Amino acid sequence: MDSTSAHTSDIFQHYPEGETPSQEMLSKLLNNYLSQQDHILVQQTRMGGVDAYVGSVTLEWFANRVKFASALPLLQKKYNPETDNIEIDADSIDEIQQRPLDWSRQAALVQYLATRKNHKFPPVLVVINQPWVDNTQADEWDFQGCSQKATTDFIPLDQNSKVGLLNISEENVSIYALDGQHRLMGVQGLLELIKFGKLRRYKKDKTPSDTLLILSDLMDNYQIDDEYLRNLTQEKIGIEFICAVNQGEKYTEAKKRIRSIFVHVNLMATPLTKGQLAQLNEDDGFAIVARKIAVTHPLLQVTNNRKARVNWNSATVATNSTVLTTLQALQDMAQKYLGQKFPHWKPLEKGLIPMRPEDKELQEGIKDFTELFDYLATLPSYKILEHEDTPILRRFSFEKGGGEGNILFRPVSQIAIAQALGILVFKQDFSLESIFKKLRKFDLQGGFSEMEFPYSLWYGVLYDPNKKRLQVSGKDLAVKLFIYILGGMKDHMEIAALRKALANARTTENNTIGFNGKLVTPQDVGLPSILG
């Protein structure tokens, strides 16, 4: 060892392991500065000519100090404190810098933060404002109406002015969320839930609903305790500060800049499609099962000698698409089928996030759903896929190229079948073997095909004869018809209601179409025979 290395090693022996003299000095300086309640340690950034300051704050600080952007003083004349939104009229439309808050999302955001141990909110973008901004006579404005200072007060701690302290004292500045208003709403709701033990649910416009989010229910259902909840408020979220007014900027210029930044942020943040959400969701058991089936089942999995059979992104299937279904449809099928057996896989309430099922139960769900697809693959219509692509089987006869109009190649019909079979199998103890023995015969007789013709059971139900297109609104009626023809409907009142619903579905402008294609009275529309 040379003398320099020996000297360095000797110096390091006087400091804690892994800590150099510079590190110790920096640590002491930072502790001194960070102890100041009215300043926050930040790093200065610059992008697109805009200075910004990036740091982090506790959730408690975020909820208490940051306000909704709609409360900016320049919007006060049209600000509605009841909804925290701006009332839009001819005067305010040009001032709007935020889309309306959707208060129906608050409960779901609160439940996510409170019950998901690996929760994560992305950083928020906020604006720092000062009282003088909205006073045109303030000394901070020069005779030309230009600001002589910025609304951010940054104290650099290094020679390059990249790291320093940002003045956030409550008496000097007010802070507004430019991007992250719903995150703010969620965090504020979390603090309210922890403090009072309950949180009122709201509709989109902040009209109170009749239900509450109860803290004790969440603690019981998600196994969370008081200590965990207390620590939540001290967790930190990333935050980026920009100034409401830059030095040398006029009031109108500042307003346009802030509005422009908001628009750009939201344009760049394209929301995920339903299919993309289904790909990524690790909490929803039905999504997990759907993904597994999509990549492993022979009817759906990718092979070298055929085109893909699952659309992973879109929730719909185009007329000429060669796919059989979509990932979103598979998730809906799983929910409608397995939901009869595992109702607890669904969220506790609408809008909340489901709890991931235990692995053992997930494997059972995958096994049950795989069995369903094993049987679906035995249907003659699906066996045709061995030598025919899906477009000709999906298209209606009058569309270019012609087609079979087969409901088995439409996601809405696939979901309806799954729901009906889930009820029969898990609620009425039917066996899939007995069900598919009937469905294979029904398929061979053309029961799934040519839905655009009056003799089809699905005419007026899944097919709209007026608009000549698929009719998604008929799914619930289709579910009941499947249950009926498979022998699962015994109640006479229920059967009578089904007959009436079918007659209504085949009636337009007081004209009822019978199965023979002729006009009949609604009373003359009967139900099909039960499959034997």
Being under 37 Å from the mean Cα position of the chain (by Cα) and surrounded by 17 or more Cβ atoms within 10 Å (Cβ to Cβ) is the filter here, so list the residues in the stretch 148-166 that pass it. Thr151, Thr152, Leu165, Leu166
Filter result for the condition that a residue is among the charged types (D, E, K, R), under 22 Å from Leu348 (Cα atoms) and crowded, with 17+ Cβ neighbours inside 10 Å, over Arg116, Arg200: Arg200
Scan the stretch 294-306 and give yes if some residue there is closer than 19 Å to Ile415 by Cα, at pLDDT below 80 and either assigned to a helix (DSSP H, G or I) or open to solvent by less than 20 Å² (accessible area, probe 1.4 Å) (or both), otherwise no. no
I'm trying to understand the selection: among the residues of the stretch 402-431, which are free of Cβ contacts under 8 Å to residues at least 12 places away in the same chain and either at positive phi or open to solvent by less than 30 Å² (accessible area, probe 1.4 Å) (or both)? Gly402, Asp429
Residue check, Lys437 against (1) surrounded by fewer than 18 Cβ atoms within 10 Å (Cβ to Cβ); (2) over 27 Å from Tyr463 (Cα atoms), all met but one. Which one? (2)
Residue that is nearest to Ala290 (Cα to Cα), among those in the stretch 383-403 that are of a type outside the set (Lys, Arg) and touching a Phe, Trp or Tyr at 6+ places or on another chain (Cβ under 9 Å): Thr390
Before we move on, is Glu240 farther than 23 Å from Gly189 by Cβ and modelled with pLDDT of 90 or more? no
Identify all residues within the stretch 132-147 that are surrounded by 12 or more Cβ atoms within 10 Å (Cβ to Cβ) and outside any helix (DSSP H, G or I); write none if there are none. Asn135, Ala138, Glu140, Trp141, Gly145, Cys146, Ser147
Could you say whether any residue in the stretch 469-492 is in contact with a strand residue (DSSP E or B) (Cβ under 6 Å, 6 or more places away or on another chain), under 27 Å from Arg395 (Cβ atoms) and buried (at least 20 other Cβ atoms within 10 Å of the Cβ)? yes
Hey, Leu280 hits all of (1) in contact with a helix residue (DSSP H, G or I) (Cβ under 9 Å, 6 or more places away or on another chain); (2) without any contact (Cβ under 8 Å) to a residue 12 or more places away in the chain; (3) open to solvent by less than 80 Å² (accessible area, probe 1.4 Å) but one; which does it fall short on? (3)
Output for the stretch 167-177, where each listed residue is open to solvent by 40 Å² or more (accessible area, probe 1.4 Å) and either in a strand (DSSP E or B) or among the hydroxyl-bearing types (Ser, Thr, Tyr) (or both): none
Test Gln247 against the stated conditions and say whether it is more than 30 Å from Trp345 (Cβ to Cβ) and of a type outside the set (Val, Ile, Thr). yes
Only one of (1) open to solvent by 30 Å² or more (accessible area, probe 1.4 Å); (2) of a type outside the set (Val, Ile, Thr); (3) in a helix (DSSP H, G or I); (4) modelled with pLDDT under 60 is not met by Lys28, so which one is it? (4)
Within the stretch 441-463, can one find any residue that is in contact (Cβ under 8 Å) with a residue 12 or more places away in the chain, surrounded by fewer than 18 Cβ atoms within 10 Å (Cβ to Cβ), out of contact with any helix residue (DSSP H, G or I) (no Cβ under 9 Å at 6 or more places or on another chain) and outside any loop (DSSP other than H, G, I, E, B)? yes
Ile237 is checked against (1) outside any strand (DSSP E or B); (2) buried (at least 19 other Cβ atoms within 10 Å of the Cβ) and fails just one. What number does that condition carry? (1)
Does Asp225 satisfy the condition of being open to solvent by 60 Å² or more (accessible area, probe 1.4 Å), without any contact (Cβ under 8 Å) to a residue 12 or more places away in the chain and farther than 21 Å from Phe62 by Cα? yes
Being closer than 30 Å to Lys203 by Cα, open to solvent by 20 Å² or more (accessible area, probe 1.4 Å) and touching a residue at least 12 places away in the same chain (Cβ under 8 Å) is true for just one of Asn320, Asn313. Which residue is that? Asn313
Using the structure shown, decide if Ala497 is touching a strand residue (DSSP E or B) at 6+ places or on another chain (Cβ under 9 Å) and either exposed (fewer than 12 other Cβ atoms within 10 Å of the Cβ) or not in a loop (DSSP other than H, G, I, E, B) (or both). no
When every residue in the stretch 358-389 that is under 26 Å from the mean Cα position of the chain (by Cα) and of a type outside the set (Asp, Glu) is compared, the one most open to solvent (accessible area, probe 1.4 Å) is Gln363
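The values are calculated or read from the model by the stated rules, or taken from the named source; none is laboratory data. Remember, predicted model here, so these are calculated numbers, not experimental data. Reconstructed Cβ throughout: ideal geometry from the backbone, glycine too, with neighbour counts over all protein chains shown. Heads up: the accessible areas ignore ligands, DNA and RNA and are worked out on the full protein's heavy atoms, side chains in. Shrake-Rupley method; radii C 1.70, N 1.55, O 1.52, S 1.80 Å.
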